[in-house]
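Asker: Starting off with a structure, shown below.
The values are calculated or read from the model by the stated rules, or taken from the named source; none is laboratory data. This is a predicted model, so every value here is computed, not measured. Glycine gets a Cβ as well: all are built from the backbone with ideal geometry, and neighbour counts include every protein chain shown.
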Amino acid sequence: MFPKLITIGSFYLPTYGVLVALGFLAGLSITVKLARKSGLDAEKVTNLAVYVALAGLIGAKLLMIAFDWPDIQIFSLATLQAAGVFQGGLILALITAVFYIRHSKLPALPVFDAFAPGIAIGHAIGRLGCFAAGCCWGKECHLPWAVTFKNPDANSLTGVPLGVPLHPAQLYESATEALLFAFLYWRYGKPHNPGQIIGLYLLLSSIIRFLIEFERFHEQALPFGLPLSITQWIAIGLAILGAILLVPKAPPLVSRSV
């Protein structure tokens, strides 16, 4: 589609990177706003957002390397520019958040709740970057909304096939994550127990990813001889964690005006 936003000689500004940065800033803005409304330390929450963003980038790359090993060139420009695997980033970000929250003595579940809507909107914007770059493409299809990549730069950077109608898997995920953001933001302002908002995010986002994976192209062989990708197994685990957080707990409920 449009993988290079600006090109000057051999230098170019990747559209994917710009949209990921915009997604981070949008998510950070939402998270800090909700944190302040909830009486949380906005400075600590901002610092946490930076740490989990870095952890997310590293985790996404590490899981991508694990998937493509040993064929991947770890220190190549293509690997540096690749999107990575979102769930790898989410897992390492969650682990990083747990350590930071314990060190900073922040209330864990309310902090995770404040982050959930921001993660969803950041993910939605980031998937638009994937679409622009051509990565994470879908399987061949001939539906009215199929997309056909024609830009040679997209093919050279990500390997997306040219001239073939494909499921716009990136747009499926972007649209559903944007809707999830709207729902979580609305739900945050209603009475809820601590942990319910992040629980909803983990459950619903994982269901979304699990279903979209059926229309995604996968270079890796499916594990265990079953018709599920590795990311679908990860989605199942995260959905179970989200469901556990949604188990009813004793009152009192809390309401956050947004």
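Asker: Among the residues of the range 15-53 satisfying the criterion of being surrounded by fewer than 19 Cβ atoms within 10 Å (Cβ to Cβ) and touching a Lys or Arg at 6+ places or on another chain (Cβ under 7 Å), which is nearest to residue 98 (Cα to Cα)?
Answerer: 42
Asker: Report the residue count in the range 224-250 for those that are under 21 Å from residue 40 (Cβ atoms) and at pLDDT below 60.
Answerer: 0
Asker: Also, I was wondering about something else. Out of all the residues in the range 176-190, which are aromatic (Phe, Trp, Tyr), more than 15 Å from the chain's Cα centre (by Cα) and over 11 Å from residue 114 (Cα atoms)?
Answerer: 183, 186
Asker: Could you run through the range 20-51 and say how many residues are in a helix (DSSP H, G or I) and free of Cβ contacts under 8 Å to residues at least 60 places away in the same chain?
Answerer: Going through the range 20-51 one residue at a time, the tally reaches 10.
Asker: If you scan the range 112-162, which residues turn out to be of a type in the set (Phe, Trp, Tyr) and without any contact (Cβ under 8 Å) to a residue 40 or more places away in the chain?
Answerer: Correct list: 145 only.
Asker: May I ask you to say which residue of 168, 110 is closer than 30 Å to residue 32 by Cβ and more than 13 Å from the chain's Cα centre (by Cα)?
Answerer: 110
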